[in-house]
Structures are given as C-alpha cells and as structure tokens.
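Trainee: So that we are looking at the same thing, I have put the structure below in structure tokens.
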Amino acid sequence: MIPAADLVALRGARDPERALARLLRLLAVPSPTGTTATAVAFVSDELDRLGVAWERTRKGDLRWRLAGAGRAPARALAAHVDTLGAVVKEVKKEGRLRLSPIGGYDWATVEGAEVIVLPFAGAPITGTVVNVKQSTHVHGPALRALKREEAVMEVRLDALVASRADVAALGVAVGDPVAFEANARTTATGFVKSRHLDDKACVATLLELTEAFVATGIPPAGDLVCGVTTYEEVGHGGAALLPGDVEELVVLDMAAVGEGQTSRETGVTLCVKDASGPYDARLGRHLRQVAHHASVDLAVDVYPFYASDGSAAWRGGADVRVALVGPGVDASHAFERTHVDALSATFDLVAAYALSTGD
C-alpha cells in the first residue's frame, strides 16, 4: 500500500526547523481574503527556488503538479492562504475607522488586535481595533456591559488624525483592506501561537511536502496536484481549483480543538463531517488505513460550525472524492495555537497518502 522506504526517506527529508521558519515568515505576510497577492507570491517564490513549475488560475489560486509513478489516479492536496480580516466600512468624523468583517469571527476575538490598513491610494498604516468605550477609567461599568459587535468596534490609526479630512490625506478610504497582524511566536515547549494558523500552517506543510519530494526524487503514487486557494474564508475558495483529471481531493485545514472534540493540538485529525455535511466515506476509510500503516496517530472528529475548500469544490460541481485533514488548532478564529508535533503528524499523514495506492 505504501512503499516503506520511500516514506522513511520523505520523513527524513522534512526539516522541522526549516518548516517552522517558513511558517513564521508566511504568517508575517498580510493576506485577508481579497488581498492575497503578496502571500501567493511568497508561495510561488518558494516553488521557484525548488524548481517547481506553477500556474495561477484566473481567480488567483496557485497550483502545481508533482509527476506521479502511475500507480494511482491523479489526486490533489489543497490549503488556503487567505485569512480573516476586514475592509473599511466608514471613516468616522473623528478620524477612526468602522469595519466590515471578512470571514466568520466574533468581534470580541479581535478587540485589541493590531492591524495594518492597506490603502489603494496610500502607504500601509498600522492601528489597533478598539471599542467606542475602551477606557475603563472613562466609562467604567459601561465598558464591561458593552456587547462586542460591528457597530461599536473601530480602528484607532497610528497617525495624528482628528477628522475625515486627516484620514483622506493618508490615502485611507472606504473599501480599503484591513489585515489583522499575526504576531506569531514560538515557545520552548514547542507551541506556535499566532493569528492565521488557519490556514497558513497547512500551506507551509504543503510547501515542506513539495520540498521533500523534490529533494528525494521520489515520485508520488499518482500525479499530485497541490493547490493554494485565496477565497476560503468567504466560502468559495476551492470551487474552481481542480483540473479535470483529479479523482480525489484531500483538503488540509485546521482541526478545531475544544470541548466535546477529539482533536488535539499535538496531532492530526480526519474530519468526517462538518456543517456542509459528511465527507467521502471511502476516502476517509483509505486515510485511516494510511494512518495505520504509517503509524500516524489519527484523531477522527466532527465540526458543527465549519466548512472547507472541499465543501466549496463540491458546491462548484467538482466530481471528486473529498476528505478533510489537518493539525489541531486551539482557539480557532481568535489568537490561535498549535504544536510542532501537529505539523509533523500532518506532514506524515499526507506524505503517506501521496505514496499510497488504493489497495
């Protein structure tokens, strides 16, 4: 089912320090949905360095193919580089910015977030998400009672502004993208803490897997199409990603850790069902077998408030089997955390899958 020596070689070609350093660099690149060109360029530059040919779809996704050995049909792996964010909804009279959210998050999870406003007509400028009664010493109990929602949240720009005219002079206007800074860091205990581990942890894993295949010269069992999508957080990322010869799609996205879940920060998970419905049972069974043969400890979970690039691919009419796997991530859509062991386990699972046949 899986050539054992090839799997050992791929695992040996994975450099955990390189993988982590690449992830931290990618996390530092702002890429809210709709403003992902710089992050996509980061990925394509990495592929250029590896000598891997790539293509861009008209929608802005990135796609590359690793030639297979002909022992399995063409398959695809996909992750998304777009993140949660916002656009400027209104420039308020005192020079603060009201936001319209991109992606599904609770406003409480971004209160205090550092941001970068990316004007279409000016230089990037930093700021902070605050609420309209942020000072305890001014508002007291009213601050604690305030419901965090769009109408009461605003960006305080790091500029001397006191009017709409002052903001306009900076080039900032309605419609400009706003990125939440990742503020990524690592700990001595192996944790990675950052915004946007969803889903840059998996994009970095795809790149590390590609580098391992290139370094070893080992072919996957069948052609392996790797894709990085750019509209996942708003629901249609994977809808137009796949070439017609692909028969299976394994989506790499974060595994949600929390009460009632089997997913954990130190491991990899197979999601069998989310809010979009169940994923393909046949492919899920194959991945469980792959995990068993490769000695990967695979959790199996259900996510009640979740959908993926696989959901979008199916809704877009893709005639493929779909599965969803990924590293455990705590505090999804907030200031997230995972562990280097989860990144390693995810690599091991998808590497074994790429080498596997259907028997």
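Trainee: Inside the range 317-331, can you point out the residues that are surrounded by fewer than 20 Cβ atoms within 10 Å (Cβ to Cβ) and closer than 29 Å to PHE180 by Cα?
Mentor: ALA331
Trainee: If you don't mind, another one. What about VAL167, is it within 25 Å of ILE102 (Cα to Cα), under 27 Å from the mean Cα position of the chain (by Cα) and touching a residue at least 24 places away in the same chain (Cβ under 8 Å)? If you could, list the steps in order and put the result at the bottom.
Mentor: Values: within 25 Å of ILE102 (Cα to Cα): yes; under 27 Å from the mean Cα position of the chain (by Cα): no; touching a residue at least 24 places away in the same chain (Cβ under 8 Å): yes.
No.
Trainee: Sort out which residues of the range 55-86 are farther than 19 Å from GLY217 by Cβ and over 17 Å from the mean Cα position of the chain (by Cα), and write them in order of number.
Mentor: GLU55, ARG56, THR57, ARG58, LYS59, PRO73, ALA74, ARG75
Trainee: Test ASP297 against the stated conditions and say whether it is surrounded by fewer than 21 Cβ atoms within 10 Å (Cβ to Cβ), free of Cβ contacts under 8 Å to residues at least 12 places away in the same chain and out of contact with any helix residue (DSSP H, G or I) (no Cβ under 6 Å at 6 or more places or on another chain).
Mentor: So ASP297 does not fit the description; no.
Trainee: Take the range 331-341 and flag every residue that is in contact with a Ser or Thr (Cβ under 7 Å, 6 or more places away or on another chain) and either more than 18 Å from HIS80 (Cα to Cα) or part of a helix (DSSP H, G or I) (or both).
Mentor: Correct list: HIS339, ASP341.
Trainee: Being surrounded by 21 or more Cβ atoms within 10 Å (Cβ to Cβ), touching a residue at least 60 places away in the same chain (Cβ under 8 Å) and closer than 18 Å to VAL251 by Cα is the requirement here; does ARG75 meet it?
Mentor: yes
Trainee: Please go through the range 129-162 and pick out each residue that is of a type in the set (Val, Ile, Thr) and touching a Gly at 6+ places or on another chain (Cβ under 7 Å).
Mentor: VAL129, VAL155, VAL161
Trainee: Can I ask one more? Taking helices (runs of 4 or more DSSP H) that fall entirely within the range 1-64, which contain at least 3 residues that are free of Cβ contacts under 8 Å to residues at least 12 places away in the same chain and either at negative phi or assigned by TED's automatic domain parsing to the domain that holds PRO101 (or both)?
Mentor: 4-13, 37-50
Trainee: Also, I was wondering about something else. All but one of (1) part of a loop (DSSP other than H, G, I, E, B); (2) of a type in the set (Phe, Trp, Tyr); (3) surrounded by 18 or more Cβ atoms within 10 Å (Cβ to Cβ) hold for TRP314, so report the exception by its number.
Mentor: Among (1) part of a loop (DSSP other than H, G, I, E, B); (2) of a type in the set (Phe, Trp, Tyr); (3) surrounded by 18 or more Cβ atoms within 10 Å (Cβ to Cβ), TRP314 violates only (1).
Trainee: Find the strands (runs of 3 or more DSSP E) located wholly in the range 236-285 whose residues include 2 or more that are charged (D, E, K, R), and list them. First the steps, then the outcome.
Mentor: Values: elements: 248-252, 255-257, 268-274.
Output list reads 268-274.
Trainee: Using the structure shown, decide if ALA86 is of a type in the set (A, V, I, L, M, F, W, C) and loosely packed, with under 15 Cβ neighbours inside 10 Å.
Mentor: No.
Trainee: Being touching a Lys or Arg at 6+ places or on another chain (Cβ under 6 Å) and assigned to a helix (DSSP H, G or I) is the filter here; which residues of the range 342-357 pass it?
Mentor: PHE347
The values are calculated or read from the model by the stated rules, or taken from the named source; none is laboratory data. Quick caveat, the model's predicted, so the values are computed rather than measured. Glycine gets a Cβ as well: all are built from the backbone with ideal geometry, and neighbour counts include every protein chain shown.
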